[in-house]
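The values are calculated or read from the model by the stated rules, or taken from the named source; none is laboratory data. Predicted model, so just to flag it, every value in this text is computed and none were measured. Every residue, glycine among them, receives a Cβ derived from its backbone with ideal geometry; neighbour counts consider all protein chains shown. For accessibility, only protein heavy atoms count, side chains too; no ligands or nucleic acids. Shrake-Rupley method; radii C 1.70, N 1.55, O 1.52, S 1.80 Å.
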Amino acid sequence: MIKFTKQPVRILKEFGKSISCFNIQKFNIDEKTVYSFGEEWNKFNSFTEKEISDIGQQYFDILPPEINKDSLVLDVGCGTGRWSKYLSDKVKWIDAVDPSNAVFAAAKLLSETNNVRVSQASADDLPFESGTFDLVMSVGVLHHIPDTQQALADITTKAKQGGFVYVYLYYALDNRGQLFRVIFKLTNAMRFFISKLPSFMKKLACEVIAFLIYLPLVGISYLFKRIFKNSKLWEKIPLSFYVGTSLKVIRNDALDRFGTPLEQRFTKQQVVEMMEQVGLRDITVSNNMPYWHAIGKRVDN
Ligand SMILES: C[S@@+](CC[C@H](N)C(=O)[O-])C[C@H]1O[C@@H](n2cnc3c(N)ncnc32)[C@H](O)[C@@H]1O
C-alpha cells in the first residue's frame with residue numbers, strides 16, 4: 001500500500017472501507033461545485049457492470065499497453081469510483097480521491113474491490129509523494145476546478161517519469177457545427193440559472209430536462225442509427241452519445257450538466273497545449289466520443 005505524505009484529519013469506516021479524510025485546502029477548488037457533486041453522486045451511485053464496462057471502453061480507448069497488472073494508479077476526482085472500478089482488474093493498485101461526499105458512494109461501489117483505496121482529498125493537496133504513480137487519471141474533473149491548468153500541473157507531479165497522465169475535459173464544440181454551438185449557448189444559460197436553485201428545485205429541473213430534452217433527442221438519434229444503417233448521420237444529432245445508455249445515466253448526466261455551478265470548456269488544441277505546458281509528451285487525443293479525452297507521458301525532471 002502506498003504511504004500517505006501526511007496524516008488524515010479523520011478516518012471513517014463505510015461499507016467495509018476505511019476512508020482517510022484529509023484537510024481540504026481552499027487554494028484551487030470551487031466549494032459550491034464540490035458540494036453539488038457530493039449530492040449528485042449520493043443520488044446516482046449504482047451502475048451495472050455492463051454500464052461501467054461499455055462506457056469505460058469509450059473513455060479508455062487510448063490507454064497504452066504499458067498500463068497493466070503492475071501499474072499504480074491515482075484517480076483524481078473519482079466521484080462514485082466507477083472508473084476505478086473499471087480499471088481495478090486491469091492494474092495493481094488504485095488510490096481514488098475526491099474532496100466531496102462522493103467518497104461515501106465510492107466506498108459503496110468499490111466495497112468488494114480489494115486493490116482500491118478511497119480517500120477524501122483535493123487535486124491541489126494530494127497526500128502522495130511526487131513521482132509515485134504509473135497512471136494519474138482525472139475523468140471529467142479539471143474543468144470543474146477554477147484554475148484548470150494549475151490543477152493539471154499539480155496532478156502531473158504525482159506521475160512517475162515515463163508514467164502517464166490521462167484527462168477527460170469538456171470540449172468547446174470545436175469539432176461541431178453552428179447548430180451545436182447555438183444549442184450550447186442556450187444550455188449554458190440554462191445551467192447558469194438552474195445550478196443556483198435550491199437543491200430540490202435543481203434536481204427537479206434536471207429531471208424535467210432529462211425527460212423532455214435528452215430522451216427525445218436520444219430517441220431520434222436511435223431512429224436515425226437504425227434507418228440510415230451505413231451512415232454516421234446519427235452522430236451529428238446532439239446527445240447521440242447516449243444511444244444505448246440507460247435512463248439512469250441520462251438523468252445523472254442531465255444533473256451533472258445543468259446542476260454544476262462551475263464548468264469550463266476547451267478546444268482540442270488547448271487540451272494539447274495545457275498538457276505540453278506541464279511537461280507531458282507523446283500526447284494522444286482520442287477522436288472518438290466523449291470529447292476530449294487525452295493521454296500524455298511525463299518526461300520533465
Ligand atoms: C463530473 S464528476 C466526475 C467524477 C468521476 N471522475 C466520473 O467520471 O464519474 C467531477 C468530480 O470532480 C470532483 N472535484 C471537484 N473539484 C475537485 C478538486 N479540486 N479536486 C479533486 N476533485 C474535484 C467532484 O467532487 C466530482 O466528484
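Looking at Thr5, is it touching a Pro at 6+ places or on another chain (Cβ under 7 Å), open to solvent by 50 Å² or more (accessible area, probe 1.4 Å) and in contact (Cβ under 8 Å) with a residue 12 or more places away in the chain? In short, yes.
Checked against the criterion of being within 12 Å of the ligand (Cβ to nearest atom) and assigned to a strand (DSSP E or B), the candidates Asp75, Asp95 yield just one match: Asp75. Screening Ile94 with (1) open to solvent by 10 Å² or more (accessible area, probe 1.4 Å); (2) touching a Leu at 6+ places or on another chain (Cβ under 8 Å); (3) without any contact (Cβ under 8 Å) to a residue 60 or more places away in the chain gives one miss only, at (1). Determine, yes or no, whether Glu40 is modelled with pLDDT under 95 and either within 10 Å of the ligand (Cβ to nearest atom) or among the aromatic types (Phe, Trp, Tyr) (or both). When the stated conditions are applied, Glu40 passes them. Counting the residues of the range 251-286 that are over 30 Å from Phe200 (Cα atoms) and either in contact with a Lys or Arg (Cβ under 7 Å, 6 or more places away or on another chain) or touching a residue at least 40 places away in the same chain (Cβ under 8 Å) (or both) gives 17. Taking the range 243-255 as the range and being open to solvent by less than 40 Å² (accessible area, probe 1.4 Å) and either in the same structural domain as Gly79 (by TED's automatic domain parsing) or over 20 Å from Val141 (Cα atoms) (or both) as the test, the residues that pass are Val243, Thr245, Ser246.
Looking only at the range 262-287, which residues are part of a helix (DSSP H, G or I) and of a type in the set (Asp, Glu)? Hits for the range 262-287 are Glu273, Glu276. Applying the criterion of at least 1 residues that are modelled with pLDDT under 95 and either open to solvent by less than 30 Å² (accessible area, probe 1.4 Å) or farther than 22 Å from Phe4 by Cβ (or both) to the helices (runs of 4 or more DSSP H) found wholly in the range 119-236 leaves 178-194, 199-209, 215-227. Against the criterion of being of a type outside the set (Val, Ile, Thr), assigned to a helix (DSSP H, G or I) and open to solvent by 50 Å² or more (accessible area, probe 1.4 Å), Tyr86 does not qualify. Criterion applied to Ser53, Ser71 was being assigned by TED's automatic domain parsing to the domain that holds Gln161, within 21 Å of Gly131 (Cβ to Cβ), touching a residue at least 12 places away in the same chain (Cβ under 8 Å) and not aliphatic (A, V, I, L, M), and the one residue passing it is Ser71.
Candidates are the residues of the range 81-106 that are acidic (Asp, Glu) and closer than 15 Å to Val139 by Cβ; the one that is farthest from the chain's Cα centre (by Cα) is Asp95. Go through Ile67, Ile62, Ile19 for me and flag whichever is within 17 Å of Arg117 (Cα to Cα) and either open to solvent by less than 50 Å² (accessible area, probe 1.4 Å) or in a helix (DSSP H, G or I) (or both). Just a single option satisfies the conditions, and that option is Ile19. Scanning the range 107-141 for residues that are without any contact (Cβ under 8 Å) to a residue 40 or more places away in the chain and either within 23 Å of Ala294 (Cβ to Cβ) or within 15 Å of the chain's Cα centre (by Cα) (or both) turns up Ser130, Gly131. Evaluating Glu49 against the criteria (1) more than 14 Å from the ligand (Cβ to nearest atom); (2) surrounded by 15 or more Cβ atoms within 10 Å (Cβ to Cβ) leaves one unmet condition, (2).
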